Structure formats: C-alpha cells, structure tokens
Amino acid sequence: VMAGNDQQVLSLILKSQHAEYPDLSEADFFEQFCAEQILKDYDLSVEDIQRGIVDGEHDGGADSVYAFVNGELIPEDNFDLSPFKKDVSIELHVIQSKSADGFSEGAIDKLTALATSLLKINADYSAIPQYNEAVKSVLDGFRNAYTHLVGKFPSLSINYYYAAKKADQHVHQNTQLKADALKALTSELFPEATVNFEFIAAPKLVE
C-alpha cells in the first residue's frame with residue numbers, strides 16, 4: 001500500500017513543480033528534478049543542473065552527468081585547476097532517470113558500455129562517434145581534472161544513480177548483479193576511487 005502512496009505523492013510533487021517550467025516535457029522535467037534532488041547538497045543553480053543534462057540521442061544511457069573538484073562544478077570550457085593544491089577531492093555523478101515502473105538490466109548495460117568506452121583515461125573521444133558531444137564534454141572535463149590533479153593524490157568518488165519514477169524499492173537480483181559488475185569495472189579503471197551505485201525509487205525521491 002505504501003508504495004502506491006509514495007508514487008501518488010511523487011506525482012503530485014512533480015506536477016506542482018513542473019508548472020514552473022512549462023517549456024519542459026514531463027520526461028525532461030523529471031530528469032531535472034532527479035538531478036536537483038540527488039545533488040541538493042551542492043547548491044547548484046537551475047542553469048547548472050540543466051547544463052549537466054546530456055540526455056538525447058547517443059547519450060549512452062546517462063541522462064545527466066556532473067563532475068566536481070572540491071565541491072565546485074567543473075564547467076564545460078577551460079577550468080583553472082592550479083588553485084587546487086592539497087586535500088583535493090574529485091567527484092563524478094552519473095544519473096539515469098526513467099519514468100518506467102521498475103529497474104531494468106538494459107539500462108545498466110548501457111551505463112557499463114559508456115564507462116568502458118569513455119572512462120578510460122587514454123580513450124580517444126574522436127574515435128568514439130556513438131556518444132553525443134554533451135556526455136563526452138562532461139566526462140572529458142572529469143578526465144582532464146583527474147589527470148592534472150592525480151599527482152596531488154586526490155580523493156576520488158564515482159557515483160551512479162538509477163532513479164525510476166514508478167519503481168518501488170524492489171531491485172531484481174539480476175539487475176543488482178549488473179550494478180555490482182559496473183561498480184567492479186569502474187574500480188578496475190580507478191582502483192583508488194570510492195564507487196557507489198544507488199537505486200532510487202519513488203519513496204526516496206519523495207524523501
């Protein structure tokens with residue numbers, strides 16, 4: 001019974017907040033809403049949030065991607081990394097936000113392919129045409145920050161989120177295994193990183 005309520009409450013919240021952004025489709029607004037909720041500790045503007053939305057053709061399953069150095073959002077263009085001397089933290093947040101009524105294995109397969117192609121430090125992005133420029137641009141900013149600051153031994157965290165509007169808390173065992181495999185792959189690429197994968201259902205979004 002509870003799950004039904006959470007989904008109803010989430011619908012009402014989305015409906016009332018969506019009214020402030022009449023030019024966004026329901027799906028686009030949901031992406032913005034998820035990113036705002038997940039990153040609410042970072043004090044981002046709506047413009048910042050919208051810039052991180054990479055969803056579209058060839059997005060590789062990522063709907064929005066954000067990279068930070070010491071809590072500062074890495075912009076798409078040149079970012080001066082020289083002020084960061086010590087106690088540097090680099091974070092990457094990759095968000096998938098779906099209106100579906102459950103968590104699917106296929107959605108995670110896409111993220112795994114994305115990580116395999118684009119999170120390699122030496123990947124030649126020009127030779128990977130199957131991903132759009134938006135997603136490559138944010139991940140390139142992350143790679144650039146990492147390679148410039150790696151000598152400062154930054155603390156590194158890579159976080160995946162899969163939000164589903166109509167999902168209850170249940171995650172099928174096979175889907176969980178796919179998420180675990182993506183975490184393992186990411187840890188192989190960045191052994192020093194803390195890697196997280198979080199499934200976010202309606203109750204958590206309401207929270």
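Odds and ends about this structure:
- Compared with the dominant principal axis of the Cα atoms in the chain, helix 133-149 is inclined by about 50°.
- The calculated FRET efficiency for GLN169 paired with GLN50, based on their beta-carbon distance and R0 = 35 Å, is about 0.75.
- Cα long-axis angle, helix 2-18 against the chain (0 to 90 degrees, to the nearest 10): 70 degrees
- Share of carbon and sulfur in the accessible heavy-atom surface of the stretch 53-139 [1.4 Å probe, %]: 50 percent
- Solvent exposure of the chain amounts to 51 Å² per residue of accessible area, where only protein heavy atoms count and the probe is 1.4 Å.
- Relative contact order of the chain: 27 percent, from C-alpha pairs under 8 Å at least 6 residues apart in sequence.
- Loop-located GluC sites (Glu not before Pro) in the stretch 21-120, at most 10 other Cβ atoms within 10 Å (DSSP): GLU57
- Heavy-atom accessible area, probed at 1.4 angstrom with all protein chains present, ranks PHE30, PHE103 as PHE103, PHE30, highest first.
- A probe of 1.4 angstrom, applied to the heavy atoms of all protein chains, finds ASP87 with accessible area near 130 square angstrom.
- FRET E, pair SER25, GLU57, Förster distance 22 Å, beta-carbon r, rounded to 0.05: 0.90
- Shown for the stretch 1-42: the carbon plus sulfur share of the solvent-accessible area, taken with all protein chains present and a 1.4 angstrom probe, equals 52%.
- Label-point separation in nm, PHE79 to GLN176, each point 7 Å along Cα→Cβ: 3.4 nm
- Positive contributions from Lys and Arg (+1) and negative ones from Asp and Glu (-1), summed over other residues with Cβ under 12 Å from the Cβ of THR175, come out at -2.
The values are calculated or read from the model by the stated rules, or taken from the named source; none is laboratory data. Nothing here was measured: the structure is a model prediction, and the numbers come from that model. In this analysis, Cβ positions are derived from the backbone assuming ideal geometry, glycine residues included, and neighbour counts consider all displayed protein chains. Quick note on the areas: whole protein, heavy atoms, side chains included, nothing else; ligands and nucleic acids left out. Shrake-Rupley method; radii C 1.70, N 1.55, O 1.52, S 1.80 Å.
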